[in-house]
Structure formats: structure tokens, C-alpha cells
Amino acid sequence: MTKQQRWTAARIPDQTGRVHVVTGATSGLGLATTRALVRAGAHVVLAVRDPEKGRRTVAQLTAEQPGARLEARRLDLADLDSVQAFADGLRADHARLDVLVNNAGVMAPPRTLSAQGHELQFAANHLGHFALTGLLLDRLNAGRDPRVVTVSSINHRQGVLRFDDLGGERGYRPMAFYNRSKFANAVFGRELHRRLTAAGSPVRSLLAHPGYARTNLQFDGPVRLYRVLFGHLGGPLFAQPADRGALPQLYAATAPEARGGEFIGPDGPGELRGSPTRVRLSDAAADEETGRRLWEVSERLTGVKYEVPGP
């Protein structure tokens with residue numbers, strides 16, 4: 001995209017009548033994404049871990065945009081039982097969904113296990129979104145111009161999937177396991193694109209990353225070293241605001257010209273900031289054998305078997 005063509009939230013097409021689901025919608029990139037979609041007329045389902053915070057966010061956004069169509073529903077992505085309950089409730093109330101934005105995440109906490117015993121970052125950032133997408137896929141297949149947008153990171157290029165130690169029992173390093181989870185997001189988004197395309201499904205799978213965006217991700221979860229480095233020191237110097245960081249995922253979710261399989265990120269130096277553009281997915285994340293293996297492992301660990309619908 002040239003400078004004259006740089007994409008902003010003002011270019012989001014009218015979203016009236018479209019139902020979007022945004023995970024992690026009460027703060028950071030998720031809140032910025034939800035706010036922009038509401039302004040464009042969308043009906044947004046806020047998938048939130050804290051229901052009270054969800055209710056406050058709905059009230060805040062409704063005050064900003066009277067008549068906004070919003071609903072907050074509880075979802076703890078690190079707990080597969082919560083993912084199932086969320087999907088069951090959503091399916092009961094919505095015959096179709098148009099966009100799923102897999103946005104929520106945790107970064108570099110001390111080693112913690114999920115409710116099902118998986119390493120927390122892999123569980124919340126990848127397994128929860130893998131299960132959620134599979135459980136909602138038939139509703140998305142019934143949508144209009146349906147899309148799944150999975151938010152990865154430039155850090156996916158530093159990630160390595162060690163299938164013999166996904167839980168970190170042999171040596172846990174907080175940032176290395178964050179990079180691993182973002183690599184898994186990237187592998188999943190591309191593999192989902194392959195499978196949807198092969199089935200002739202109308203659902204598009206796209207990937208996005210925000211560059212370096214200043215959000216509470218750098219403050220709420222990381223061990224102290226990374227909180228200081230990425231939050232207190234790096235953030236004020238290099239990070240762009242959340243509403244700018246959300247533009248790549250908004251472009252992937254709404255731009256008519258966005259295509260399945262694309263990876264959207266900032267166009268600035270190092271992809272740290274800037275306007276949305278197509279960026280490179282690492283060769284390792286695009287590898288078909290890695291995609292197949294991660295898919296099989298993810299189905300086994302989540303118990304969610306995908307049935308990719310056709311046209």
C-alpha cells in the first residue's frame with residue numbers, strides 16, 4: 001500500500017447486521033478492535049474472562065455509541081470447559097457468526113498450568129483459540145463474508161515448537177514459551193487456511209500482528225524482568241497506541257480486499273508500528289508438515305475434532 005492508500009479505521013466498511021466475536025475485548029487491542037467495530041455498526045460479542053469488567057466495558061461503549069449492539073459473555077481460554085460452555089451458549093443464541101477475532105493472550109508469566117494441566121501460554125494463546133474456532137466453525141460457515149482472524153506476533157519468527165516438551169517440564173523460559181505460543185498461532189492460522197480452502201469453505205482464515213503496541217499485556221502477566229523491559233522502558237519509547245496496533249486485525253476482519261492466508265502487520269521499520277500491510281510469515285510457520293502435526297496434537301489435547309464444512 002502506498003502512503004496515499006494507507007488504511008485507517010475510517011475505511012472500515014459498514015458492519016451493520018454483522019456479528020463479530022472478539023476475545024479479550026475489555027482492554028488493549030481487543031477493546032480498540034471492539035470500539036472500532038461498534039462505530040462501524042457491528043454487533044459485537046465480547047468474550048471476557050471477568051464478567052463484571054465485561055459489563056463495565058459494555059456500559060462504557062454504549063455511552064460512547066448509543067444504540068450499540070453489544071453482549072459480554074464469560075470465556076476463560078485457559079480452561080477448555082469454559083471454552084465449551086461459551087461456545088454452547090453462543091451457538092444457542094446465534095444461528096450464524098460473521099467474524100471471529102482470536103485476540104486474547106497472556107505474555108511471559110511464571111510457569112503456570114491451565115485447568116487441564118497444559119502450560120498456560122500455550123493453553124490460553126493457542127489451545128483455547130483452536131478449540132473455540134473449531135466449535136464455532138459451522139456458525140461461521142453460515143455467515144456473510146465470514147472470517148477467522150488469529151492474532152500472532154512478530155515474535156513468532158523466534159518461536160520453536162518442541163512437541164516433546166510443550167509443557168516446559170524440561171526447562172521453562174517465560175519469553176521463549178510466549179514466542180512458542182505465537183508461533184503456534186501463526187501455524188494454526190495458515191493450516192486453517194489450507195483446510196478451509198481444500199474444503200471449499202467460504203470462511204477465510206487470516207493472521208495479523210500489532211507490531212509493538214502499548215497495552216496491559218506488558219504489565220499484567222510478565223515476570224518482573226519483562227514487565228520492566230517491555231512495559232516501563234520499551235513501551236514509552238517505541239510502542240504505538242492500542243488503537244494503532246489494532247489496525248492490522250481490523251483490516252483482516254473487515255477490508256474487502258483482504259484474502260485468506262494473508263498475514264497483516266504494520267508497514268514501519270521492523271514491523272513495529274505503522275499502517276496495515278501484508279507481511280511475511282516465517283518459512284517455519286508456513287511449513288505444511290508442522291501445520292499437520294500441530295493440528296493433530298491440538299485436536300488430541302483439546303478433544304475438539306474439526307469438521308471443516310464445504311460451501
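Observations on the structure shown:
- So Glu119, is it surrounded by 21 or more Cβ atoms within 10 Å (Cβ to Cβ), farther than 22 Å from Gly260 by Cβ and at pLDDT 95 or above: yes
- Among the residues listed as Arg180, Arg170, the single one being at pLDDT below 95 and not aromatic (Phe, Trp, Tyr): Arg170
- Verdict on Gly310 being under 21 Å from Ala131 (Cα atoms), modelled with pLDDT under 95, in contact with a Gly (Cβ under 8 Å, 6 or more places away or on another chain) and not aromatic (Phe, Trp, Tyr): yes
- Evaluation of Ala68 against (1) hydrophobic (A, V, I, L, M, F, W, C); (2) under 23 Å from Leu135 (Cα atoms); (3) surrounded by fewer than 21 Cβ atoms within 10 Å (Cβ to Cβ) (one fails), failing number: (2)
- For the stretch 168-197, residues that are buried (at least 18 other Cβ atoms within 10 Å of the Cβ) and outside any helix (DSSP H, G or I) total 1.
- Enumeration of residues in the stretch 28-65 that are surrounded by fewer than 17 Cβ atoms within 10 Å (Cβ to Cβ) and among the aliphatic types (A, V, I, L, M): Ala59, Ala63
- Checking Gly189, Gly211 one by one, the residue that is in contact with a Pro (Cβ under 6 Å, 6 or more places away or on another chain), at pLDDT 70 or above and not basic (Lys, Arg) is Gly211 and no other.
- Verdict on Arg35 being modelled with pLDDT of 95 or more and more than 24 Å from Gly211 (Cα to Cα): no
- Identity of the residue in the stretch 15-25, among the polar types (S, T, N, Q) and surrounded by fewer than 24 Cβ atoms within 10 Å (Cβ to Cβ), that ends up nearest to Ala242 (Cα to Cα): Gln15
Per-residue answers, yes or no, for (1) surrounded by 18 or more Cβ atoms within 10 Å (Cβ to Cβ); (2) assigned to a helix (DSSP H, G or I); (3) charged (D, E, K, R):
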site	(1), (2), (3)
Pro256	no, no, no
Arg259	no, no, yes
Ile264	yes, no, no
Gly270	no, yes, no
Leu281	yes, no, no
Gly291	yes, yes, no
Val304	yes, no, no
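- Only one of Phe230, Phe219 that is assigned to a helix (DSSP H, G or I), modelled with pLDDT under 95, in contact with a Lys or Arg (Cβ under 9 Å, 6 or more places away or on another chain) and of a type in the set (Phe, Trp, Tyr): Phe219
- Which listed residue is under 25 Å from Arg39 (Cβ atoms) and touching a residue at least 12 places away in the same chain (Cβ under 8 Å), from Gly274, Gly291: Gly274
- Subset of the stretch 133-161 that is of a type in the set (A, V, I, L, M, F, W, C) and within 19 Å of Arg293 (Cα to Cα) - its residue that is surrounded by the fewest Cβ atoms within 10 Å (Cβ to Cβ): Val160
- Failed condition for His156, given (1) more than 20 Å from Leu90 (Cβ to Cβ); (2) assigned to a loop (DSSP other than H, G, I, E, B): (2)
- Test: residue in the stretch 131-148 that is in contact with a helix residue (DSSP H, G or I) (Cβ under 6 Å, 6 or more places away or on another chain), modelled with pLDDT of 95 or more and among the small types (Gly, Ala, Ser): yes
The values are calculated or read from the model by the stated rules, or taken from the named source; none is laboratory data. Quick caveat: nothing in here was measured; it's all calculated off a predicted structure. Virtual Cβ from ideal backbone geometry, glycine too; neighbours counted across all protein chains shown.
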